[in-house]
1. Among the residues of the stretch 152-169, is there at least one that is without any contact (Cβ under 8 Å) to a residue 24 or more places away in the chain, assigned to a strand (DSSP E or B) and under 15 Å from Leu71 (Cα atoms)?
2. Kindly indicate whether Ala370 is of a type in the set (Gly, Ala, Ser), touching a strand residue (DSSP E or B) at 6+ places or on another chain (Cβ under 9 Å), more than 18 Å from Ile409 (Cβ to Cβ) and without any contact (Cβ under 8 Å) to a residue 40 or more places away in the chain.
3. Lys314 passes all but one of (1) in contact with an Asp or Glu (Cβ under 8 Å, 6 or more places away or on another chain); (2) part of a loop (DSSP other than H, G, I, E, B); which number fails?
4. Checking Leu254 against (1) modelled with pLDDT of 75 or more; (2) of a type outside the set (S, T, N, Q); (3) touching a helix residue (DSSP H, G or I) at 6+ places or on another chain (Cβ under 8 Å); (4) over 26 Å from Gln337 (Cα atoms), only one condition comes out false. Which one?
5. Of these, Glu51, Glu128, which one is at pLDDT 80 or above, of a type outside the set (S, T, N, Q) and outside any loop (DSSP other than H, G, I, E, B)?
6. Which residues, taken from the stretch 102-125, are over 41 Å from the mean Cα position of the chain (by Cα) and either of a type in the set (A, V, I, L, M, F, W, C) or at pLDDT below 85 (or both)?
7. Just checking, does the stretch 319-327 include any residue being buried (at least 19 other Cβ atoms within 10 Å of the Cβ) and over 17 Å from Cys432 (Cβ atoms)?
8. Would it be correct to say that Val351 is touching a helix residue (DSSP H, G or I) at 6+ places or on another chain (Cβ under 9 Å) and surrounded by 15 or more Cβ atoms within 10 Å (Cβ to Cβ)?
Amino acid sequence: MAQFDDSIPADALPDAPAMPEAAWAEVLQAVDKTYSELVAYQEELEARNAELDAMRRFMGSVFQSVSDLVLVVDRDMRIEEASGSVLDELGAGGVGAMLSDLVCPDSWRDVEARVRGAIEAREAGNVEADFATDGGNAPFDLSIAPRIGERGRTRGAVIIGRPLGELRRAYSELEESHRQLKEAQLHLVRNEKLASLGRLLAGVAHELNNPISFVYANAHAMQKSATKLETYFDAVQSGASREELIALRKGLDLDRQMQRLRTALEGARDGSERVRDIVEDLRRLSADGQGEMASFDLVSTSKAAINWVGRGTKTMPAVSHHGPDTLTAYGRKGHIQQVLMNLVQNAADAVESMEKPEISVTYGTEDGFATVKIEDNGPGVPDDLATAVFDPFFTTKAVGKGTGLGLSISHKIAKEHGGDLALCPHRKQGACFTLTLPTGPPNEAQE
């Protein structure tokens, strides 16, 4: 550091009157103060230079470590700074090169327009462009922003790019995962339906056996009546006299046979219609439920679901209905019937050990939505498990008695219909679930 020499030769000074010692002391004090300030200023400059060097090294290490493409260009689009990924991937391109040397000719016009907009109009923007790399052209998604200097003047632009190849590959993998998830969900829905149908097989067999037996018995009665009618018609065809035909008709009791035949026909028709209805219910229940959304009666659908559960349950508890006789809802009837069957089956299983098992079904409307509430007087759902009842594979039943998917799938179906399935909160006894469904198709705003 430079030192001041306060010794001045006497012959170098002009003749001047002698100064008092006090004045010389003040001068020397002022010189020392100025020297101290200069030394402090020099130390401050050296400290700032050290900080700038450290910051420059830090920014350099950051640029070298950044995996994304980062370019800092001046107003002439010459690269001033570049991330390490640029130097690695773009080969000869880098600091000092022109931006146009890095971008493929087909993409340069769009990139140049965006960079000019950032520099001249201070407008940030995005553009997709291909960069020339050692391995061929690589697509990038570029975000371009103006670079403002200390005095508010635009000094260039900052370009940040993400490789689109990785993003597109990730998006493709995401789509494949989503497709597999949808297939798994459909598989779970089908399995749950098969489990429900398995529980109902015994009841369905009994339900079909009754009308089929009725049709068979009536067909046997019609066969006997047909035999007597054939005997009478044979006599008519053979030319029997009127007196013989009257006697034969009386002996065969044809008047009563005709009445029995009509009754048998009506009974066979009723039995056939019953079989048809059962088969139709089975067809709707086993369908995938991908048909068109339509309006349907929620009350009759609920009663049909309760009847199906009753067919497969040995001791079906008493079920009471409350509310209107009809209630319009909008959705896929087959899916909603499956949801209601799951809810009623769970209620029936919950009250199986109760002394007086009861299930209550209440229909109504709330905020423009159709609702059906299914309550039981069973042990209920503990508060610590209330938040997990709709989780997949969650069940409180013994092993082998439940899949743990019924409520989860039912909740998903209700959401897909624009409604909801919720557990009624704060109940002292029993469980209560409320199914909410729209009463009509959603408008454009709701969609």
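The values are calculated or read from the model by the stated rules, or taken from the named source; none is laboratory data. Source: prediction; values computed, not measured. Cβ sites come from the backbone with ideal geometry, for glycine too, and all protein chains shown count toward neighbours.
1. no
2. On the way: of a type in the set (Gly, Ala, Ser): yes; touching a strand residue (DSSP E or B) at 6+ places or on another chain (Cβ under 9 Å): yes; more than 18 Å from Ile409 (Cβ to Cβ): yes; without any contact (Cβ under 8 Å) to a residue 40 or more places away in the chain: no.
No.
3. For Lys314, the exception is condition (1).
4. (1)
5. Working: Glu51 fails: at pLDDT 80 or above.
Of the residues listed, the single one that is at pLDDT 80 or above, of a type outside the set (S, T, N, Q) and outside any loop (DSSP other than H, G, I, E, B) is Glu128.
6. Applying the first criterion (over 41 Å from the mean Cα position of the chain (by Cα)) to the stretch 102-125 yields 102, 105, 116, 119-121.
Of everything in the stretch 102-125, those that are over 41 Å from the mean Cα position of the chain (by Cα) and either of a type in the set (A, V, I, L, M, F, W, C) or at pLDDT below 85 (or both) turn out to be Leu102, Ile119, Ala121.
7. Step one: of the stretch 319-327, the residues buried (at least 19 other Cβ atoms within 10 Å of the Cβ) are 319, 327.
Filter again for over 17 Å from Cys432 (Cβ atoms), leaving 327.
Yes.
8. It is false that Val351 is touching a helix residue (DSSP H, G or I) at 6+ places or on another chain (Cβ under 9 Å) and surrounded by 15 or more Cβ atoms within 10 Å (Cβ to Cβ).
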